[in-house]
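Visitor: Would you mind keeping the following structure in view while I ask a few things?
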Amino acid sequence: MPVHYGAKDLNIQTVSSPLATQIPQAAGAGHALKLRSLRGEGNDAVAITYFGDGSASEGDAFVALNFAATLETRTIFFVRNNGFAISTPVNEQYRGDGVGARGVAMGIRTIRVDGNDLFAVHKATSDARAYSIENNKPVLIECMTYRGGHHSTSDDSTRYRSKDDIEYWSQYDNPIARMRRFMERRGWWTEAEETEYREEQRKEVLAALKDAEAQPRPAYTKLFDGVFEDEPWHISEQRTAMLDHVEKYPQDNEVDRWLPSEFGGGSGKKKKKKKKKSTLR
């Protein structure tokens, strides 16, 4: 996934695909930050986790909110309620008053804000941070917004909403369009600057795409490396099966487009480890 970035120097935990797993983690991190503050260490730190209405329907979200409420953690739960999750409208996800109502029910200070208003979102987040640090308590922010496009390339949102709705939100009531009009009314931006900027960015993106496509792919023999310190038997079996498959059908896997294994510190096939019996019952 292209958005699985992280930045230790910016305190950004690496993004992951599974829904809602980061929400309990943020509650735990907020609890740790509170304990550090009580010991006089790091008094201005707070944990914040971002998720959508779909993740809010997961059990992990309820557990995390209750955890944060009862332990009074320094956590901001930032919910982007865009109305559709992956492809499920909110009227099929809940019957209550949005996600924010859950915060109130659990005793968490809750803010509902226009998620398409950049200034309102910034103010709400800033206030939530100040409150959480001052009171050592969590805050839930629900940003009411609208998913203008498809959830992903595998999603066709016209199956569950009209094209007119998509067109309206993409052209008028989205945060980028609103911010642009705000700047134009104050003379900070013009149509000519918009056209010039879009063309410059288009050229940069196409140049970067062309350059990326010309680069050789990483050594496919490294696909399973860097996950386990001691590789378990089932991963070793998968590695061997993949390498055997690629060796058998090289033309179907475009092996000439991949870097040779030595450029990636290639390990190639590894010896199979003795299969262990599962201890699960």
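The values are calculated or read from the model by the stated rules, or taken from the named source; none is laboratory data. Bear in mind that the values here come from a model prediction, so they are computed numbers and not experimental data. Positions of Cβ are backbone-derived with ideal geometry, glycine not excepted, and every protein chain shown enters the neighbour counts. The protein model used for the area step is the full one, side chains on, heavy atoms only, and it has no ligands, DNA or RNA in it. Shrake-Rupley method; radii C 1.70, N 1.55, O 1.52, S 1.80 Å.
Visitor: If I filter the range 209-222 down to residues being part of a loop (DSSP other than H, G, I, E, B), in contact (Cβ under 8 Å) with a residue 40 or more places away in the chain and over 17 Å from residue 245 (Cα atoms), which single residue comes out as farthest from the chain's Cα centre (by Cα)?
Guide: Per the stated criteria, the residue is 216.
Visitor: Check the range 52-60 and report whether any residue there is within 25 Å of residue 135 (Cα to Cα) and either touching a strand residue (DSSP E or B) at 6+ places or on another chain (Cβ under 9 Å) or open to solvent by less than 40 Å² (accessible area, probe 1.4 Å) (or both). Talk me through it step by step, then tell me what you get.
Guide: Pass one, the range 52-60, residues within 25 Å of residue 135 (Cα to Cα): 56, 60.
Filter once more, keeping what is either touching a strand residue (DSSP E or B) at 6+ places or on another chain (Cβ under 9 Å) or open to solvent by less than 40 Å² (accessible area, probe 1.4 Å) (or both): 56.
Within the range 52-60 (the criterion being within 25 Å of residue 135 (Cα to Cα) and either touching a strand residue (DSSP E or B) at 6+ places or on another chain (Cβ under 9 Å) or open to solvent by less than 40 Å² (accessible area, probe 1.4 Å) (or both)), the answer is yes, since at least one residue qualifies.
Visitor: Go through (1) in a helix (DSSP H, G or I); (2) modelled with pLDDT of 80 or more for residue 225 and report which single condition fails.
Guide: The failed condition is (1).
Visitor: Against the definition (at pLDDT 95 or above, surrounded by fewer than 18 Cβ atoms within 10 Å (Cβ to Cβ) and under 15 Å from the mean Cα position of the chain (by Cα)), how does residue 5 come out, yes or no?
Guide: Working: at pLDDT 95 or above: no; surrounded by fewer than 18 Cβ atoms within 10 Å (Cβ to Cβ): yes; under 15 Å from the mean Cα position of the chain (by Cα): yes.
When the stated conditions are applied, residue 5 does not pass them.
Visitor: Which residues, counting only those in the range 228-256, are over 30 Å from the mean Cα position of the chain (by Cα) and open to solvent by 70 Å² or more (accessible area, probe 1.4 Å)?
Guide: Within the range 228-256, 237, 245, 247, 248, 249, 251, 252, 254, 256 meet the criteria.
Visitor: Report whether or not residue 153 is under 30 Å from residue 256 (Cβ atoms) and open to solvent by less than 60 Å² (accessible area, probe 1.4 Å). Spell out the reasoning first.
Guide: Details: under 30 Å from residue 256 (Cβ atoms): yes; open to solvent by less than 60 Å² (accessible area, probe 1.4 Å): no.
For residue 153, the condition - under 30 Å from residue 256 (Cβ atoms) and open to solvent by less than 60 Å² (accessible area, probe 1.4 Å) - is not met.
Visitor: Being of a type outside the set (D, E, K, R), within 18 Å of residue 139 (Cβ to Cβ) and in a helix (DSSP H, G or I) narrows it down to one residue among 45, 29; which is it? Break it down into steps so the answer makes sense when it comes.
Guide: Values: 45 fails: in a helix (DSSP H, G or I).
It is 29.
Visitor: Testing residue 105 on (1) touching a strand residue (DSSP E or B) at 6+ places or on another chain (Cβ under 7 Å); (2) of a type in the set (A, V, I, L, M, F, W, C); (3) loosely packed, with under 15 Cβ neighbours inside 10 Å, one condition comes back false. Which one is that?
Guide: Residue 105 satisfies all of (1) touching a strand residue (DSSP E or B) at 6+ places or on another chain (Cβ under 7 Å); (2) of a type in the set (A, V, I, L, M, F, W, C); (3) loosely packed, with under 15 Cβ neighbours inside 10 Å except (1).
Visitor: To continue, here is another question. What about residue 184, is it open to solvent by less than 60 Å² (accessible area, probe 1.4 Å), out of contact with any Leu (no Cβ under 8 Å at 6 or more places or on another chain) and without any contact (Cβ under 8 Å) to a residue 24 or more places away in the chain?
Guide: So residue 184 does not fit the description; no.
Visitor: Quick one: count up the residues across the range 33-54 that are closer than 16 Å to residue 77 by Cα and over 11 Å from the mean Cα position of the chain (by Cα). Reasoning before the result, please.
Guide: Start the filter on the range 33-54 by keeping residues that are closer than 16 Å to residue 77 by Cα, which leaves 33-34, 45-54.
Now narrow it down to the ones that are over 11 Å from the mean Cα position of the chain (by Cα): 33-34, 45-48, 53-54.
Of the residues in the range 33-54, 8 are closer than 16 Å to residue 77 by Cα and over 11 Å from the mean Cα position of the chain (by Cα).
Visitor: Quick check on my filter: what residues within the range 28-51 are aromatic (Phe, Trp, Tyr) and open to solvent by 60 Å² or more (accessible area, probe 1.4 Å)?
Guide: Here is the first cut: in the range 28-51, the ones aromatic (Phe, Trp, Tyr) are 50-51.
Passing the criteria: only 50.
Visitor: Kindly list the number of the only condition in (1) more than 19 Å from the chain's Cα centre (by Cα); (2) under 25 Å from residue 47 (Cα atoms) that fails for residue 140.
Guide: Only one criterion in (1) more than 19 Å from the chain's Cα centre (by Cα); (2) under 25 Å from residue 47 (Cα atoms) is unmet by residue 140, namely (1).
Visitor: Those residues that are within 30 Å of residue 160 (Cα to Cα) and outside any loop (DSSP other than H, G, I, E, B), I need them from the range 66-87; list them, please.
Guide: The first filter runs over the range 66-87 and keeps only residues within 30 Å of residue 160 (Cα to Cα), leaving 77-87.
77, 78, 79, 80, 81, listed by residue number.
Visitor: Can you spot a residue in the range 154-166 that is aliphatic (A, V, I, L, M) and not in a strand (DSSP E or B)? Outline the logic, then answer.
Guide: First, the residues of the range 154-166 that are aliphatic (A, V, I, L, M): 166.
Cutting the leftovers down to not in a strand (DSSP E or B) gives us 166.
Yes, the range 154-166 contains at least one residue that is aliphatic (A, V, I, L, M) and not in a strand (DSSP E or B).
Visitor: How many of the residues making up the range 169-181 are free of Cβ contacts under 8 Å to residues at least 12 places away in the same chain, under 16 Å from residue 114 (Cβ atoms) and either of a type in the set (Lys, Arg) or part of a helix (DSSP H, G or I) (or both)? If you could, list the steps in order and put the result at the bottom.
Guide: Here is the first cut: in the range 169-181, the ones free of Cβ contacts under 8 Å to residues at least 12 places away in the same chain are 171-172, 176-177, 181.
Remaining after also requiring under 16 Å from residue 114 (Cβ atoms): 172, 176-177, 181.
Now drop any that are not either of a type in the set (Lys, Arg) or part of a helix (DSSP H, G or I) (or both), which leaves 176-177, 181.
Within the range 169-181, residues that are free of Cβ contacts under 8 Å to residues at least 12 places away in the same chain, under 16 Å from residue 114 (Cβ atoms) and either of a type in the set (Lys, Arg) or part of a helix (DSSP H, G or I) (or both) number 3.
Visitor: (1) modelled with pLDDT of 90 or more; (2) open to solvent by less than 50 Å² (accessible area, probe 1.4 Å): which one isn't true of residue 80, the others all being true?
Guide: (2)
Visitor: Further question on the same structure: Applying the selection to the range 108-125, what residues are in a helix (DSSP H, G or I) and open to solvent by 60 Å² or more (accessible area, probe 1.4 Å)?
Guide: Residues of the range 108-125 that are in a helix (DSSP H, G or I), as a first pass: 118-125.
Across the range 108-125, the qualifying residues are 118, 119, 122, 123.
Visitor: How many of the residues making up the range 146-176 are modelled with pLDDT of 90 or more and hydrophobic (A, V, I, L, M, F, W, C)? I'd like the intermediate steps shown before the answer.
Guide: We begin by selecting, within the range 146-176, every residue modelled with pLDDT of 90 or more; these are 175-176.
Filter once more, so that each one left must be hydrophobic (A, V, I, L, M, F, W, C): 176.
Adding up the residues that qualify gives 1.
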